[in-house]
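This is the structure I want to talk about, given as C-alpha cells.
Just so you know, all these numbers are worked out from the coordinates, no wet-lab data involved. On a predicted model such as this, the values are computed, not experimentally measured, just so you know. Cβ placement follows ideal geometry from the backbone for every residue including glycine, while neighbour counts extend to all protein chains displayed.
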Amino acid sequence: MERFRRGWRLGMVSLGVLRRDRTLGAFPILGGLTALFATAAFGIPAAVLFSDDQTVGAVVLAALAIYAATYLTVFFGVALAGTANAVFEGRQASVGEGIGIARGHAGAIAGWAGILASVNIILRAIEERFGFVGTIVAAAIGTAWGLITFLVVPVIAIEGLGPIAALKRSAGIFRARWGEQVVGTASIAIIVILFGLLPAALLVGLGVLIGTTVAIAATISVAVVIVIVAGVIGQAASGIFAVALYRYAVGEGAAAPFAEEDLARAFAPKRGRAQAGQI
C-alpha cells in the first residue's frame, strides 16, 4: 500500500509541474499531430499500392510511415525533456527553445527512432506469427525494453549522447540504481485511466443507454476529446517524471517539488537485492 501511495504522489507531483508550466504540454500535442500527418502522408499511398497489388512499394511506404511517426514522437519527446530540465534548473523555457534542443540532437534522434521502429516491428511480427504465445512473449519483451530504455530520451536531451551510447547509459543507470518496477509511471497511467479513459467509457455507455443517434454521436465525440486530452497530459507528465528521475540518478538531487525519498524508491528493487541491502 505504501508503494502505491508513493507512486500516486510521484504521479501527482508530475502533473503539478505540468499545471505550473503548461508550455510542457505543447510537445505531446505537436508530436501527436505531426506523427498523425506523417502517417497519413505515407500510409494512404501505401494502402492504395496494396490495393493495386504493388506490394514492394506499399511495404516501403508503410515502413516510412512507421519511421516518420516514430521520429517525430521522439523529436518532441527530446524537446519536452530539454525544456523540463530547464524548468527544474529554475529557468524559463519556451516551445521554441525545446524545439531548438531537439534540432541540436537530430542525428541521435534519427538513430534512436530507427531502433525503436525496428523493435516495434519485430514485436508486432512476433505477435502475428505466434498468436497468443507470441502476444505474451512480445508483451514481456516490450515491458523489459521499456524499463531499460526509460531514460534514453532525457539522456539524449541533456547529455547529447548518440542512440547506442544513450541506450547503454539508460540501461546502466537502471541496473546500478534501481530494480525493475517503475512505480511513478504506473501511477501516471492509473491517473490517466481513472480521470480520462474511464469517464470517456462511461460517457459512451450513457449515450448507448439513451439510444438516440444524436446522443451516441455526441457522447462519442466528447469521449474522443477526453481521451486525447488525457493522453496528452499523461505523456507530458511521464516525460517530466523521467527527467526528474534522470536528474536524481546522476546525482543532481531531487528536483523540486519532488521528494527525495519518493524518487529514491521510484523503482521498486528486487527482493533479493533488497534483502542484500542493494538498490
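Could you size up the charge dipole of the range 2-273 around its Cα centre, putting +1 on the beta carbon of Lys and Arg and -1 on that of Asp and Glu, and report it in debye to the nearest 20?
800
Here's another thing I want to ask about it. Between Asp52 and Val250, how many nm apart are label points set 7 Å from Cα along the C-beta direction?
If labels sit at Asp52 and Val250, their model points lie 4.9 nm apart.
Between (i) 32.6, 109; (ii) 30.4, 118; (iii) 20.2, 63, which matches Rg and Dmax of the Cα atoms in Å calculated for the structure shown?
Step by step, Rg and Dmax of the Cα atoms in Å for this structure corresponds to label (iii).
What residue among Leu245, Ile141, Ile126 has its Cα farthest toward the positive end of the dipole of the chain, where the charges are +1 on Lys, Arg and -1 on Asp, Glu, each on the Cβ?
The one lying farthest along the dipole's positive direction is Leu245.
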